[in-house]
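As structure tokens, the structure follows; a few thoughts come after it.
The values are calculated or read from the model by the stated rules, or taken from the named source; none is laboratory data. Everything numeric in this text was worked out from a predicted model, so none of it was measured. In this analysis, Cβ positions are derived from the backbone assuming ideal geometry, glycine residues included, and neighbour counts consider all displayed protein chains.
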Amino acid sequence: MRRTGGVRRVLEEGLFHAAAAGEIWAAHTGNRTLQLLTKPVAVPLLGLKALRRRDELDPADLRLLVAGLLAAGVGDYYMSRSDEDDQIIRGAAAFGVMQLLYGAVLTRRGGRPHPRTAVLPAAAWTAAAGLLAARREPGRSRVPAVLATYAATLAGTTALAQDPRPGKLAGAVARLVRPTSDPRTWLPAGAVLFAVSDAAILLRRSLLTDPRARAAAQVFVLATYNAAQWLLLEGFLAQSTHSQPQSRPAR
């Protein structure tokens, strides 16, 4: 039984990393066919890990996490097809759903934003909304509005992820959680890396014009995005495992 579980673990990790590497390579080489084949499936493959370790998760959390990973796949599907407005809007909406589902898990576990840790995500959202408004193209007013709304959901999830209490992490609530070898800290690290990846998307779309620079930026976006999703799931699982044997203190 243990050997079978080990094979499944290697297989599911291998499938995810192969798909992620495929989409990054596709961005580097401009292979659109490979991009369309790999980008929508990489992150949903992480759901296999969540399902294998379902005994470590609250059933409701498991459903929310798997739904979030699938929503990310839907967002990747639309975003990989083209830069047309309808595709961007649908992709951003799917990723917004993903952020809300992740945020729901964090909230269920007792995560709450603190004014000090929410300042940075709020400032990033303000800057993103300002850049989108400044770079708005005539006749494309819907795209900046949808992307700004999505950025607000991202900022909310990032702020929630910095609360150390659900994972029973040491440190003050008002400080950003620093990533360490403890997998519980990978959840807030993944949330921040996700924000960095999305910021790179915005800069690439709004400011970069050189084809080589845009291609390099896309490789960075995909590498950080897939790493962020992996860190988020590992963090969710580690925090859940750590909290299971312990009961909440009486108040």
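Residues in segment 201-251 that are under 19 Å from Ala151 (Cβ atoms), small (Gly, Ala, Ser) and modelled with pLDDT of 90 or more: Ala217, Ala228. Of the set (1) in contact with a Phe, Trp or Tyr (Cβ under 8 Å, 6 or more places away or on another chain); (2) touching a residue at least 60 places away in the same chain (Cβ under 8 Å); (3) of a type in the set (D, E, K, R), all apply to Glu234 but (2).
Selection of helices (runs of 4 or more DSSP H) fully inside segment 34-129 by the criterion of at least 1 residues being closer than 19 Å to Leu147 by Cβ returns 59-81, 85-108.
For Val221, state whether it is crowded, with 19+ Cβ neighbours inside 10 Å and not in a helix (DSSP H, G or I). Here the answer is no, as Val221 does not meet what is asked. Only a single criterion out of (1) in contact (Cβ under 8 Å) with a residue 60 or more places away in the chain; (2) farther than 28 Å from Gln239 by Cα is not satisfied by Ala200, namely (1). Take Arg90 and decide whether it is in contact with a Leu (Cβ under 8 Å, 6 or more places away or on another chain) and more than 20 Å from Gly235 (Cα to Cα). So Arg90 fails the test. Which one of these is surrounded by fewer than 20 Cβ atoms within 10 Å (Cβ to Cβ) and either modelled with pLDDT of 75 or more or touching a Lys or Arg at 6+ places or on another chain (Cβ under 8 Å) (or both): Thr117, Thr107? None of the others qualify; the one that does is Thr107. Apart from one condition, Tyr150 fits all of (1) over 19 Å from Leu101 (Cβ atoms); (2) at pLDDT 85 or above; the exception is (1). Just to be sure before I move on: is Ala159 modelled with pLDDT of 85 or more, assigned to a helix (DSSP H, G or I), surrounded by 21 or more Cβ atoms within 10 Å (Cβ to Cβ) and under 17 Å from the mean Cα position of the chain (by Cα) in the structure I sent? Yes: the conditions hold for Ala159. The residue pairs whose first member lies in segment 49-71 and is more than 18 Å from Thr157 (Cα to Cα), whose second member is small (Gly, Ala, Ser), and whose beta carbons are closer than 6 Å, counting only pairs six or more residues apart or on different chains, are Glu56/Ser240; Leu57/Ser240. Residues that are in contact with a Phe, Trp or Tyr (Cβ under 9 Å, 6 or more places away or on another chain) and crowded, with 18+ Cβ neighbours inside 10 Å were ranked within segment 67-89; the one that is farthest from Pro44 (Cα to Cα) is Ile88. Sort out which residues of segment 19-33 are without any contact (Cβ under 8 Å) to a residue 12 or more places away in the chain and either surrounded by fewer than 15 Cβ atoms within 10 Å (Cβ to Cβ) or not in a helix (DSSP H, G or I) (or both), and write them in order of number. Those that are without any contact (Cβ under 8 Å) to a residue 12 or more places away in the chain and either surrounded by fewer than 15 Cβ atoms within 10 Å (Cβ to Cβ) or not in a helix (DSSP H, G or I) (or both): Thr29, Asn31, Arg32, Thr33. Within segment 31-50, the set of residues being of a type in the set (Lys, Arg) and more than 24 Å from Gly235 (Cα to Cα) comprises Arg32 only. Hey, any hits in segment 164-173 for a residue that's under 15 Å from the mean Cα position of the chain (by Cα) and either surrounded by fewer than 23 Cβ atoms within 10 Å (Cβ to Cβ) or of a type in the set (Lys, Arg) (or both)? Within segment 164-173, none of the residues are under 15 Å from the mean Cα position of the chain (by Cα) and either surrounded by fewer than 23 Cβ atoms within 10 Å (Cβ to Cβ) or of a type in the set (Lys, Arg) (or both). Just name the residue that is nearest to Val7 (Cα to Cα) out of those in segment 72-89 that are without any contact (Cβ under 8 Å) to a residue 24 or more places away in the chain and touching a Gly at 6+ places or on another chain (Cβ under 7 Å). Result: Gly75.
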